[in-house]
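Visitor: Dropping a structure here in structure tokens format, bear with me for questions.
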Amino acid sequence: MKEYKNQGSKDTRSGFGAGLTELGRTNPNVVALCADLIGSLKMQDFINENPERFFQIGIAEANMMGIAAGLTIGGKIPFTGTFANFSTGRVYDQIRQSIAYSNKNVKICASHAGLTLGEDGATHQILEDIGLMKMLPGMTVINTCDYNQTKAATIAIADYEGSVYLRFGRPVVANFTPSDQKFEVGKAVHLQKGTDVTIVATGHLVWEALEACKILNKKGISAEVINIHTIKPLDEKAILDSVAKTGCIVTAEEHNFLGGLGESVARTLALSTPTPQEFVATNDTFGESATPAQLMDKYGLNAAAIVRASEKVIQRK
């Protein structure tokens, strides 16, 4: 079994900030917009180096989306920045009408997604944003797992034509993917080979899936682990090839099981190869105020939950 080492825990939002800063140095068409959350989105370095390419919109997220759409007409590549809740739920009409409908080349970059926003509670946490965004025609949906992958994704989407939703988080998490990785939109990353169960995970749950794999291995269970960083377009071939070997699958995500990665996988399986599946996700609920670790434990979004789901789904084969 391949060992993955934590190269030093970092927050994924800092990966976005680092990627945006690099883009500022290499792509003169990249511009950034923020809704009064420069520090939270780690945009200050980009601003320091490119003050003429930054627009502080203030607490007017809907206006930010409209301005971003307009900037694309002049050939600019706008990156918007605010919390995931305000990047989607608050401005869904503007995204649908001004960005998605005409497939504007806007990169909607959303921090503080999921339960791991923590103490700010349910009003600021969002667990339905992947569902909202993946249902928009033509919208690409990306959910990165660590600092390095978030940086690589931020850089890659500047050259990817079309509307993109890039989702990342607030807490410090394991940084384990290669610093020199090539990020390919729509291409799953195989992390472990296995024969008994397929585990496909996205975002913060990818590291938890790897930890679960270690536990399962000690129990004599061989788990295949796949990092699904792009939820739409989904790498269906990677999933179908894997379940052809293992015969069952667990999906893991920091999102409501309704509308998330798990439902996209279930649809893929139903249309091609009906396969036993278990979901590690929140169960049609809002979050609450607590530390990220406490919330992930209470709502069953950790390695232990993935182990339980894996053992359960194997019994259903």
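Visitor: Let me check against my output: what whole-number percent is the relative contact order of the range 189-315, with C-alpha pairs under 8 Å and at least 6 apart?
Guide: Answer for the range 189-315 is 30 percent.
Visitor: Mean-square fluctuation check for the chain, GNM, Cα pairs under 10 Å: which of GLN94, GLN125, GLN181 is largest?
Guide: The residue that fluctuates most here is GLN181.
Visitor: Also, I was wondering about something else. Provide Rg over Rh for the range 144-251; use the alpha carbon set for both Rg and the Kirkwood Rh (inverse mean inverse pair distance).
Guide: 0.98
Visitor: Same structure, new question: Report the gain in length on full extension from LYS214 to ALA290: 0.36 nm times residue separation, minus Cα-Cα distance, nm rounded to one decimal.
Guide: Working it through step by step, the gained length comes to 24.6 nm.
Visitor: What list do you get for MET133, MET65 if you sort them by fewest beta carbons within 10 Å?
Guide: With the fewest neighbours first, MET133, MET65 line up as MET133, MET65.
Visitor: Amide H of PHE55 versus every other amide H placed in the peptide plane: which residues, excluding those fewer than 5 positions away on the same chain, fall under 5 Å?
Guide: ALA32, LEU33, CYS34
Visitor: Of VAL141, ALA174, LEU216, which is farthest along the charge dipole of the chain in the positive direction, counting Lys and Arg as +1 and Asp and Glu as -1 at C-beta?
Guide: Value computed over the given set: LEU216.
Visitor: Given the pairs LYS5/LYS298; LYS193/LYS298; LYS42/LYS104; LYS10/LYS151, which span a C-alpha to C-alpha distance of over 20 angstrom in this model?
Guide: Going by Cα-Cα distance, LYS5/LYS298; LYS193/LYS298; LYS42/LYS104 fall outside the 20 Å limit.
Visitor: I've got another one for you. Taking amide hydrogens as modeled 1.01 Å from N in the peptide plane, which residues meet the under 5 Å criterion relative to ASN175, leaving out close sequence neighbours?
Guide: Counting only residues 5 or more places away or on other chains, the set is GLN7, GLY8, SER9, LYS10.
Visitor: The range 1-48: D in µm²/s via Stokes-Einstein (Kirkwood Rh, Cα pairs, 20 °C, 1.002 mPa s)?
Guide: Taking Rh from Cα pairs, D becomes 175 µm²/s.
Visitor: Within 10 Å of each residue's Cβ, count the other Cβ atoms and sort LYS232, LYS312 from fewest upward.
Guide: The most exposed by this proxy come first: LYS312, LYS232.
Visitor: What are the residues whose amide H is under 5 Å from the amide H of ILE226, where those residues sit 5 or more places off or on another chain and H is modelled from the backbone?
Guide: Residues meeting the amide H criterion: LEU191, ILE199, VAL200, ALA201.
Visitor: Round to a whole angstrom and tell me the spacing of the C-alpha centers of the range 10-55 and the range 126-202.
Guide: So the separation of the two Cα centres works out to 19 Å.
Visitor: Sticking with this one: For the chain, what is the relative contact order in percent, using Cα pairs closer than 8 Å and at least 6 residues apart in sequence?
Guide: 18 percent
Visitor: Please determine, in degrees from 0 to 90 and to the nearest 10, the orientation of helix 147-157 with respect to the longest principal axis defined by the Cα atoms of the chain, where the helix direction is its Cα long axis.
Guide: Helix 147-157 sits at roughly 60 degrees to that axis.
Visitor: In degrees from 0 to 90, rounded to the nearest 10, what is the angle of the helix 205-218 Cα long axis to the longest principal axis of the chain?
Guide: Tilt of helix 205-218: around 20 degrees.
Visitor: Here is a further query. For the chain, rounded, prolate or oblate, judged on the Cα gyration tensor with a ≥ b ≥ c (square roots of eigenvalues), a/c < 1.5 rounded, else prolate if a/b > b/c?
Guide: Prolate shape, in that a/c is at least 1.5 and a/b is the bigger ratio.
Visitor: Where does the longest stretch of the chain lie that holds no chymotrypsin sites (Phe, Trp or Tyr not before Pro) found in a DSSP loop with 16 or fewer other Cβ atoms within 10 Å?
Guide: Answer - 102-285.
Visitor: Also, I was wondering about something else. For the chain, give the magnitude of the charge dipole about the Cα centre (Cβ charges: +1 Lys/Arg, -1 Asp/Glu; no others), in debye to the nearest 20.
Guide: With only Lys, Arg, Asp and Glu charged at Cβ, the dipole is about 600 debye.
Visitor: Can you tell me what share of the DSSP beta bridges in the range 189-315 is antiparallel? A percent to the nearest 5 is fine.
Guide: Expressed as a percentage, antiparallel bridges in the range 189-315 total about 20.
Visitor: Using Cα springs under 10 Å in a Gaussian network model of the chain, which residue among GLU278, GLU288, GLU224 shows the largest mean-square fluctuation?
Guide: Answer for the Gaussian network model of the chain: GLU288.
Visitor: Oh, and also: What is the angle, in °, between the Cα long axis of helix 261-272 and the longest principal axis of the Cα atoms in the chain? Nearest 10 is fine, range 0 to 90.
Guide: 60 degrees
Visitor: Another question, if that's okay. Under the rule of -39500 (n - 2.57) per DSSP H run of 4 or more residues, summed and divided by the residues of the chain, what mean residue ellipticity at 222 nm is obtained, to the nearest 500 deg cm²/dmol?
Guide: The per-residue figure over the chain is -10500 deg cm²/dmol.
Visitor: Given springs between every Cα pair under 10 Å in a Gaussian network model of the chain, which of ILE215, ILE228, ILE126 has the largest fluctuation?
Guide: Highest fluctuation of the listed residues: ILE215.
Visitor: Moving on. Under 1.5 on a/c is rounded, so check that first for the range 189-315, then, if it is not, pick prolate when a/b is larger than b/c and oblate when it is not; a ≥ b ≥ c are the square roots of the alpha carbon gyration tensor eigenvalues.
Guide: Taking the square roots of the gyration eigenvalues as a ≥ b ≥ c, the range 189-315 is oblate.
Visitor: Let a ≥ b ≥ c be the square roots of the eigenvalues of the Cα gyration tensor of the range 10-173; is it rounded (a/c under 1.5), or, if not, prolate (a/b larger than b/c) or oblate?
Guide: Because its axes are fairly even, with a/c under 1.5, the range 10-173 counts as rounded.
FYI, it's all coordinate maths here, none of it is from the lab. None of the values given here were measured: they were computed from a predicted structure. With ideal geometry, Cβ positions are generated from the backbone for all residues, glycine too; neighbour counts draw on all protein chains shown.
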